[in-house]
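The values are calculated or read from the model by the stated rules, or taken from the named source; none is laboratory data. Everything quoted here is computed from the prediction, not taken from an experiment. FYI the Cβ positions are ideal-geometry reconstructions off the backbone, even for glycines, and counts take in every protein chain you see. These accessible areas exclude ligands, DNA and RNA; they are computed on the full protein's heavy atoms, side chains included. Shrake-Rupley method; radii C 1.70, N 1.55, O 1.52, S 1.80 Å.
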Amino acid sequence: MNPTQFNSQEESLDPADWSELRSLAHRMVDDMITNMETIAERPVWQPIPEEVKHSLDQPLPRQPQGAEAAYQDFLTNILPHPMGNSHPRFWGWVVGTAAPLGVLGELLAATMNPNLGGGDHVANYVEHQVINWIKQLFGFPIESSGLLVSGGSMANLVGLTVARNSVVDFDLRKEGLQECNDRLVCYASVETHSSIQKAVELLGLGGNYLRQLPVNNAFQLDIEALEGTIKADRAAGLRPFLVIGNAGTVNSGAYDDLNKIADICQRESLWFHVDGAFGAAAAISPTLKPLVSGMERADSMIFDLHKWLYTPFEAGCVLVRNEAAHRQAFSLTPDYLEHTASGLAAGAPWFSDYGVQLSRGFRALKVWLMFKAYGTEKLSRQIQQNADQARYLEKRVVQTPELELLAPVSLNIVCFRYKTADLDDKALNALNRALLVQLHESGVAAPSYTTLDGKYALRVCIINHRTRREDLDLLVEEVVRLGKNVQT
Ligand SMILES: *Cc1c(COP(=O)(O)O)cnc(C)c1O
């Protein structure tokens, strides 16, 4: 066999005919732009038809179907059945609505397809740039460190790992908690997100040692309870080491008094971690910024770009004030990952030294594009608009006799329920539960739910750049209409 014959049998996943792929790609882009442009004309969400589920329960394909046919199946079976979070009337959980430019950023990032574990290539500089911008946004010192991660859960895990490893006086990475004579205790309000508990469990600290403290009427951490519990734990021979403050709780959007918590942490020598998954975004708006006062004093904090910064999933961020402590918690450099002074393996610090992942995608690019294209001015107006919409909905709820507001609106979350005088809480819970399912199935709007003081609430979390006031008017009308007719 001569070399040319040999080569002619080799293939790649590149198309034989690039012009064919180009025209398919143009169609894909056109279809996706149209999809975003016309999103408001479709239902927010609809149950998935059985035949679609069946189409997604097939054996592994052996024979190639071809790009064209595979794309056709996407158009038929996948695209028409979205979660709904791109729709202007989606306000469920804390699920963001991607900006179209961020969507295109994913295409650019995937085309370059770098690995941001480390090395001297431009993508790593983009991530450093983005992290430095985020530090500036939140008033963190430039010497602090940061990392983009999949989301808030991973960011909390990274931040809490650094906290845990920094407070002990032995090499925790070597000895694990086996060597720890102290029982380490952390503190947070009952309103704290479940990802904090997961992190505490994963770190071997034990869920029982996360003190879930009471909140006041505004759902903020009760400072007296915090001080009292720390004192009692010390008296019992335990070792308090970490307080988690919330900048925007998941249920009602409450902001803990971060300055008071920071004062306590300073006085008691405790690590101060802030979960600002969505609520830290308030820092971007000059008028909302006072809400996060004290956040800049944290030892570590987290923020989700895929929530209230309107980037597509996934993109979260963790910042750590003490860069060395951050690196010491994660840096591990086997021979095959040695960082060199020059060449492709240079470019220290490597991001893989600051987190769990070695291979890391270019999620920084979509964020970089959006910061550059919109500037903090436009992003700030967008966030302010959502906060104003929450105020507007609050007012509509208060003015509507059939509705009851269930929590103060601190920023962008409105919790309310349909109410009639003749029903008690138990019956109202059942009624509102059924009402919400009907609302979802109607395709008109998608709030989520929570329970506050035993009362089942419809929960509207507005981090949606497409929402207009008319959308909220429609929500109010529909809830009242359904409430009058709902059978439980
Ligand atoms: C969403 C959220 C998290 C978890 O973030 P993910 O990006 O979903 O992993 C943590 N804390 C709060 C307050 C959140 O709202």
Inset, instruction - State log₁₀ I(q)/I(0) for the stretch 224-314 at q = 0.15 Å⁻¹ as given by the Debye formula over alpha-carbon point scatterers of equal weight, solvent excluded. - result: -0.60
Inset, instruction - Take the alpha carbon gyration tensor of the stretch 83-151, find the square roots of its eigenvalues, order them as a ≥ b ≥ c, and report rounded if a/c is under 1.5; if not, report prolate when a/b exceeds b/c, else oblate. - result: oblate
Inset, instruction - For the stretch 349-488, count all C-alpha to C-alpha pairs, find those more than 17 Å apart, and express that count as a whole percent of the total. - result: 65 percent
Inset, instruction - Give the cross-link partners of Lys231 among the lysines, using a straight C-alpha distance below 19 Å as the criterion and excluding same-chain residues fewer than 8 apart. - result: Lys260
Inset, instruction - Any chance you could run the full-extension gain for Lys395 through Gln9? It's 0.36 nm times the residue separation minus the Cα-Cα distance, nm to one decimal. - result: 132.0 nm
Legend entry - Magnitude of the charge dipole, the stretch 175-289, Cβ model with Lys/Arg +1 and Asp/Glu -1, debye to 20: 60 debye
Inset, instruction - Determine the per residue accessible area of the stretch 1-149 with all protein chains present and a 1.4 angstrom probe, expressed in square angstrom. - result: 64 Å²
Inset, instruction - Show that you can apply the helix-only estimate: for the chain, add -39,500 (n - 2.57) for every DSSP H stretch of four or more residues, divide by all residues, and state [θ] at 222 nm to the nearest 500. - result: -13500 deg cm²/dmol
Inset, instruction - Can you pull a Stokes-Einstein diffusion coefficient for the stretch 1-111 at 20 °C (1.002 mPa s), Rh from Kirkwood over Cα pairs, as a whole number of µm²/s? - result: 123 µm²/s
Inset, instruction - Can you grab the distance from the C-alpha centre of the stretch 35-97 to the C-alpha centre of the stretch 104-170, Å, no decimals? - result: 31 Å
Inset, instruction - Assuming R0 = 30 Å, can you tell me the calculated FRET efficiency for the pair Asp335 and Asp171, based on Cβ-Cβ distance, to the nearest 0.05? - result: 0.90
Legend entry - Size of charge dipole - the chain - debye, nearest 20, with Cβ of Lys, Arg +1 and Asp, Glu -1, no other charges: 1080 debye
Inset, instruction - Treat every Asp and Glu Cβ in the stretch 414-459 as -1 and every Lys and Arg Cβ as +1, leave all other atoms uncharged, and give the resulting dipole magnitude about the Cα centre to the nearest 20 debye. - result: 100 debye
Inset, instruction - Two decimals is fine: what is log10 I(q)/I(0) at q = 0.14, 0.17 Å⁻¹ for the stretch 114-247, from a Debye sum with one equal scatterer on every Cα and no solvent? - result: -0.79, -1.04
Inset, instruction - Calculate, for the stretch 323-397, the solvent-accessible area per residue in square angstrom, rolling a 1.4 angstrom probe over the heavy atoms of the protein chains. - result: 50 Å²
Inset, instruction - Just report the Cα centroid separation between the stretch 323-362 and the stretch 264-309, whole Å. - result: 27 Å
Inset, instruction - Quick one: pull the percent of accessible area on the chain belonging to carbon and sulfur, 1.4 Å probe, ligands and nucleic acids left out. - result: 52 percent
Inset, instruction - List the aspartates and glutamates whose Cα lies under 15 Å from the Cα of Lys53, skipping any in the same chain that are fewer than 8 positions away. - result: Asp73
Inset, instruction - Would you mind finding the longest exposed-site-free stretch of the chain, with exposed GluC sites (Glu not before Pro) meaning DSSP loop and at most 12 other Cβ atoms within 10 Å? - result: 144-337
Inset, instruction - With viscosity set to 0.692 mPa s and temperature to 37 °C, compute the Stokes-Einstein D of the chain, Rh being the Kirkwood radius across alpha carbon pairs; µm²/s, no decimals. - result: 132 µm²/s
